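To keep things clear, I will list the structure first and then write my remarks on it.
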Amino acid sequence: FFQAEDGIRDYKVTGVQTCALPIFLLLAWQTQAVWPFFSDDAFISLRYSERLLHGHGLTWTDGEAVEGYSNLLWVLLCAGLGALGMDLVDAARLLGGLATALGFVALARAHRPHDARSAQLAALAPLVAASTQVVLAWTFSGLEGPLVFCLLAFGFGALVRAIEDEPDVALWPRRVALRASVPFAFACWTRPDSPLWVATTALALALVTHGGMWARARSLATFAALPFAAF
């Protein structure tokens with residue numbers, strides 16, 4: 001509880017908050033081991049962000065426009081922070097750290113932790129992910145990997161909760177599949193291989209859909225519509 005102006009109020013710690021602290025501590029311990037590593041490839045994206053900020057569009061040099069990046073959303077987000085006066089390297093590091101942290105929160109939320117025991121179970125997947133070499137190396141490296149991880153975590157987390165509520169995908173309201181597909185659509189703007197995630201996930205949803213071919217095709221099309229439009 002905490003003291004408020006109008007008296008004492010109860011403050012309940014949620015399951016996500018309970019399991020988030022050890023995950024963030026492990027993340028901080030992991031990433032400090034390779035600090036201040038920054039990928040040289042990240043400067044390619046930041047070059048396009050810098051040119052965009054100076055009014056030259058998404059170009060590498062003056063003259064013929066060459067699309068030398070494959071992570072449009074990342075380039076735009078870095079440019080957005082740069083427009084606020086932040087150094088682009090710092091912007092890329094900040095975005096990577098926030099994306100990784102939010103991805104862990106999304107994984108922890110997937111099974112709706114509500115007490116200490118459920119929080120311990122929900123923390124297992126993000127703790128294992130936080131301990132990996134991939135997270136250690138790339139969280140603050142300046143590339144778009146953390147953002148892809150974050151978007152997929154939110155997308156798959158939404159699907160897990162939807163399946164827990166209703167195992168038969170054919171009975172989902174259309175908005176459920178559409179809402180879960182939004183992070184996958186943004187992922188298609190972030191990495192060119194993201195459509196593979198969309199295709200395999202849509203196929204999996206179709207396979208677990210009860211009913212005939214029409215029901216399976218409808219569930220596949222509903223989920224894939226926004227990512228396909230984004231692509």
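The values are calculated or read from the model by the stated rules, or taken from the named source; none is laboratory data. All values reported here derive from a predicted model rather than from experimental measurement. Please note: Cβ atoms are built from the backbone with ideal geometry, for glycine as well, and neighbour counts cover all protein chains shown. These accessible areas exclude ligands, DNA and RNA; they are computed on the full protein's heavy atoms, side chains included. Shrake-Rupley method; radii C 1.70, N 1.55, O 1.52, S 1.80 Å.
Over the chain, with a Gaussian network built from C-alpha contacts below 10 Å, which listed residue (SER141, SER181, SER219) shows the highest mean-square fluctuation?
SER219
Using just the helices of the chain, give the 222 nm mean residue ellipticity in deg cm²/dmol: DSSP H runs with n ≥ 4 each add -39,500 (n - 2.57), and the total is spread over all residues, rounded to 500.
So the calculated ellipticity at 222 nm is -22000 deg cm²/dmol.
What range in the chain is the longest one free of GluC sites (Glu not before Pro) that are in a loop by DSSP and have at most 15 other Cβ atoms within 10 angstrom?
Segment 68-231 is the longest.
Taking only C-alpha pairs under 8 Å that are 6+ residues apart, what is the relative contact order of the chain in percent?
21 percent
Of the residues VAL34, VAL169, VAL66, which exhibits the maximal mean-square fluctuation in a Gaussian network model of the chain defined by a 10 Å Cα contact cut-off?
VAL66
In the stretch 48-130, which trypsin sites (Lys or Arg not before Pro) fall in coil by DSSP and have 10 or fewer other Cβ atoms within 10 Å?
none
Provide the per-residue ³J(HN,Hα) series for the stretch 119-133, in order, calculated from phi with Karplus coefficients 6.51, -1.76, 1.60 and θ = phi - 60°, each as a whole number of Hz, with x at glycine and proline positions.
Going residue by residue, I get 5, 4, 5, 5, 7, 4, 4, x, 5, 4, 5, 5, 8, 7, 5 Hz, with x marking Gly and Pro.
If you plug each phi of the stretch 163-172 into the Karplus form 6.51 cos²θ - 1.76 cosθ + 1.60 with θ = phi - 60°, what whole-Hz ³J(HN,Hα) values come out, in order, with x for Gly and Pro?
For the stretch 163-172, the Karplus curve yields 5, 5, 6, 8, x, 8, 4, 5, 8, 5 Hz.
Tell me the carbon and sulfur percent of the accessible area for the stretch 116-173, rounded to whole percent, probe radius 1.4 Å.
For the stretch 116-173, the apolar C and S fraction of the accessible surface comes to 72 percent.
With springs only between Cα atoms under 10 Å apart, run a GNM on the chain and tell me which of ALA206, ALA170, ALA65 wobbles the most.
It is ALA65.
With unit charges on the beta carbons (Lys and Arg positive, Asp and Glu negative) and the dipole taken about the Cα centre of the chain, which residue among PHE186, VAL34, ALA217 sits farthest to the positive side?
ALA217
Could you tell me which residue out of TRP60, LEU46, ALA116 lies farthest along the dipole of the chain toward its positive end? Charges go on the beta carbon: Lys and Arg +1, Asp and Glu -1, centred on the Cα centre.
So the residue we want is ALA116.
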